1. Residues of the stretch 100-128 being of a type in the set (D, E, K, R) and in a helix (DSSP H, G or I), which ones?
2. Among the candidates ARG19, ARG42, single out the residue that is in contact (Cβ under 8 Å) with a residue 60 or more places away in the chain and either open to solvent by 100 Å² or more (accessible area, probe 1.4 Å) or over 28 Å from ARG142 (Cα atoms) (or both).
3. It is to be established whether one or more residues within the stretch 68-79 are in a helix (DSSP H, G or I), among the aliphatic types (A, V, I, L, M) and open to solvent by less than 70 Å² (accessible area, probe 1.4 Å).
4. So GLU106 fits all but one of (1) at pLDDT below 95; (2) over 27 Å from LEU140 (Cα atoms); (3) of a type outside the set (Ser, Thr, Tyr); what number is the exception?
5. If a residue must be within 17 Å of the chain's Cα centre (by Cα) and crowded, with 19+ Cβ neighbours inside 10 Å, how many such residues does the stretch 83-102 contain?
6. Find all pairs meeting these conditions: Cβ atoms under 7 angstrom apart; at least six residues apart or on different chains; first residue within the stretch 96-116 and under 13 Å from VAL128 (Cβ atoms); second residue of a type in the set (S, T, N, Q) and open to solvent by less than 30 Å² (accessible area, probe 1.4 Å).
7. How many residues does the stretch 93-141 contain that are of a type in the set (A, V, I, L, M), within 13 Å of VAL63 (Cα to Cα) and in contact with a Gly (Cβ under 9 Å, 6 or more places away or on another chain)?
8. So which of LEU109, LEU56 ends up being among the hydrophobic types (A, V, I, L, M, F, W, C) and open to solvent by less than 60 Å² (accessible area, probe 1.4 Å)?
Amino acid sequence: MSDVAGERDPIDVILEQWRRERPDLDLSAMGVFGRLALVTRRAEASVDRVFAGHGLRHGEFDVLAALRRSGPPYTAIPSELSAALMMSRAGMTNRIDRLAAAGLVERSLDPADRRSFRVTLTAEGRRVIDAAMTDHAAALARLTAGLAPEDAETLTRILRSMLTPSP
């Protein structure tokens, strides 16, 4: 009912209340997912502050990051970006419009398919995403600073196994 340090967290209270009211239920999964939700909220708040500090929304960061990590020439077609970010093409168009208006990406006709266009990171876009990524990595490192390296590796392994489909 308590964490390694012997301190109770809000999930312990919720689980104790449910165990009192419904002792017939196995609530171990609720504890796992409740804590994952709390960690996610904390991380999202930190991430949103970092992105806002660079004039970006989360989705805009995602597009710039996808282009930047693709390597030179930092170019993709919208359907590739939509697939990489698992989002609709309409939503991608809105993001690209905002980024183009801010001068962070530019559009050009796709020479391979004149019905489509390519999105390319501008020099300013590269500067912004590099600075945002530096701050983003530092913020996430601060959030995990309390984990011993071996605990971080164990957590990564566990989370990866939860994301891998069961046979």
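1. Going residue by residue through the stretch 100-128, those that are of a type in the set (D, E, K, R) are 106-107, 110, 113-115, 118, 124, 126-127.
Within the stretch 100-128, GLU124, ARG126, ARG127 qualify.
2. Details: ARG19 fails: in contact (Cβ under 8 Å) with a residue 60 or more places away in the chain.
Residue meeting the stated conditions: ARG42.
3. Within the stretch 68-79, the subset in a helix (DSSP H, G or I) is 68-69, 78-79.
Cutting the leftovers down to among the aliphatic types (A, V, I, L, M) gives us none.
No - not one qualifying residue is present in the stretch 68-79.
4. (1)
5. Qualifying residue count for the region: 2.
6. GLY103/THR122; LEU104/THR122; VAL105/THR120; VAL105/THR122
7. Taking the stretch 93-141 as the starting set, the residues that turn out to be of a type in the set (A, V, I, L, M) are 96, 99-102, 104-105, 109, 112, 119, 121, 123, 128-129, 131-133, 137-141.
Of the ones still in play, those that are also within 13 Å of VAL63 (Cα to Cα) are 96, 99-100, 104-105, 119, 121, 128-129, 132-133.
Next, from what is left, pick out any that are in contact with a Gly (Cβ under 9 Å, 6 or more places away or on another chain): 99, 104-105, 128, 132.
Going through the stretch 93-141 one residue at a time, the tally reaches 5.
8. Values: LEU109 fails: open to solvent by less than 60 Å² (accessible area, probe 1.4 Å).
The unique qualifying residue is LEU56.
The values are calculated or read from the model by the stated rules, or taken from the named source; none is laboratory data. Computed from a prediction, not measured in an experiment: that's the story for all the values here. All Cβ positions, even for glycine, are placed from backbone atoms using ideal geometry, and neighbour counts span all protein chains on display. The protein model used for the area step is the full one, side chains on, heavy atoms only, and it has no ligands, DNA or RNA in it. Shrake-Rupley method; radii C 1.70, N 1.55, O 1.52, S 1.80 Å.
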